[in-house]
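What follows is a single structure, written as structure tokens, with notes after it.
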Ligand SMILES: Cc1cc2nc3c(=O)[nH]c(=O)nc-3n(C[C@H](O)[C@H](O)[C@H](O)COP(=O)(O)OP(=O)(O)OC[C@H]3O[C@@H](n4cnc5c(N)ncnc54)[C@H](O)[C@@H]3O)c2cc1C
């Protein structure tokens, strides 16, 4: 079969490699000029900037995809040139619950062996079948999977994540370092199900890597292997329609700067976010979920900061979570439902400095979580730069000398994510609420179209680099059997 893959993000590239491994012909069609999507690297004013993902967890999923495309482990390790990030994170805290202001490095400073064992147990019980496996309802209707599901529930997977951490961890700082990952799941730790402790295990437990050449290098290596294995990549091609009859795709139309191309395919994998994908599948009878609860969004500022000034900053880590004193209130502000969202009143920030790991000078990025456009329909085009400047002044006041005078290379706000076709201006897709998890999350198969499947953050298993890579493999398996 010849499969057309819409989007050269990590889910699309993973689907392409797994399809090549299964003996299919593939063409990846990408609207931009580069691979990687939300895990890409771009050049801004001579600087190498990662506008999206800044950490790589579970690199073996990249190795698996590359192996499917014919690149062995040793060659892949050589090409990727991954550097371990140590510490994985630094958490910087104001005075908290009677403790003085302090910095905690994880995992080094986390003395919570019982919790780490519980977290690992949750990962072991959930990963193979419920995260990395097909989540379609029917696939669970066998005694073995039902027993596994029962085992997960008995481990407390459906209790609140906060409850499970509070039971085993006393230090309020360690509690935060083990639950802030709920933000990746789009909900507060008190609302996130404990099964999402697997995210914390993926980075705090299994470790974090960074490619020497920037996050986008992962996608570049995958793209190169697709070409070596005989696959094709088309850039500057925006897919504007699917061809076919009701229930079956026969090809697609892609617009370039000069004209519209008609490309015939035996099946398609769609990886663009829901608004784009839903528009494409609707004319052929493809059905989309009716109502989706979306994750909060983020404002991300990329900066050029004098390295000498950075030497005097309160932490010397690749990733610093600089926390405000507020915690539950912060989550309540940014995850509130329609029209009730607020900007953080006592903000927490993620500061990313790849130069700490690579040893080469590079930009600094500051990520400020914020409500999505449904939660708070703010005029980001007018206020985005001022908001970013305010955030930098707050950080200057917290000891990051020189950050408020740094050259701002680029700022992304919810308005920018919306322009890129992401629902309600969030790059973090559907929240991982209980009703949007596993078999209840959008599956790979498109109801109503036999030979179109989905991959990417909107689908099972969810948001982040490892889920994107898994969803690509699951999409490849689904279309191969269509
Ligand atoms: C600021 C930020 C920080 C993050 N940090 C992390 C992190 O540290 N660790 C982590 O694991 N995850 C992180 N993530 C999440 C992670 O980056 C994403 O979940 C993942 O990269 C999504 O991959 P994807 O393939 O689903 O989508 P995308 O990467 O968005 O790929 C979709 C591709 O489709 C293309 N496309 C869209 N429409 C069309 C069309 N009509 N025609 C052709 N092509 C089209 C797009 O250009 C894009 O290249 C972060 C995300 C952001 C935004």
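In the stretch 330-337 there is at least one residue that is within 15 Å of the ligand (Cβ to nearest atom) and in contact with a strand residue (DSSP E or B) (Cβ under 8 Å, 6 or more places away or on another chain). When residue 17 is tested against (1) under 24 Å from residue 204 (Cα atoms); (2) within 16 Å of the ligand (Cβ to nearest atom); (3) assigned to a helix (DSSP H, G or I), exactly one condition is not met: (1). In the stretch 359-462, counting only strands (runs of 3 or more DSSP E) that sit wholly within it, the ones holding 2 or more residues that are within 15 Å of the ligand (Cβ to nearest atom) and within 30 Å of residue 45 (Cβ to Cβ) span 364-370, 407-412.
Applying the criterion of being more than 9 Å from the ligand (Cβ to nearest atom) and outside any strand (DSSP E or B) to the residues of the stretch 20-36, the residue that is surrounded by the most Cβ atoms within 10 Å (Cβ to Cβ) is 20. For first residues located in the stretch 16-40 and in the same structural domain as residue 67 (by TED's automatic domain parsing), partners that are modelled with pLDDT under 95 and outside any loop (DSSP other than H, G, I, E, B) and lie 6+ apart or on another chain with Cβ distances below 6 Å form the pairs 22/480.
Of all the listed residues (396, 374, 360), the sole one being assigned by TED's automatic domain parsing to the domain that holds residue 310, under 14 Å from residue 324 (Cα atoms) and surrounded by fewer than 22 Cβ atoms within 10 Å (Cβ to Cβ) is 396. Within the bounds of the stretch 308-326, is there any residue that is within 16 Å of the ligand (Cβ to nearest atom) and surrounded by fewer than 21 Cβ atoms within 10 Å (Cβ to Cβ)? No: zero hits. The sole residue among 94, 107, 100 that is outside the structural domain of residue 175 (by TED's automatic domain parsing) and loosely packed, with under 14 Cβ neighbours inside 10 Å is 100.
Applying the set (1) buried (at least 20 other Cβ atoms within 10 Å of the Cβ); (2) away from the ligand (no atom under 16 Å from the Cβ); (3) over 21 Å from residue 376 (Cα atoms) to residue 284 leaves exactly one unmet item: (2).
Between 60, 77, 128, the distinction of being within 16 Å of the ligand (Cβ to nearest atom), within 25 Å of the chain's Cα centre (by Cα) and surrounded by fewer than 17 Cβ atoms within 10 Å (Cβ to Cβ) belongs to 60 only.
Tallying residues that are within 15 Å of the ligand (Cβ to nearest atom) and over 19 Å from residue 464 (Cα atoms) within the stretch 1-14 yields 3.
The values are calculated or read from the model by the stated rules, or taken from the named source; none is laboratory data. Bear in mind that the values here come from a model prediction, so they are computed numbers and not experimental data. All Cβ positions, glycine included, derive from the backbone under ideal geometry; neighbour counts span all protein chains shown.
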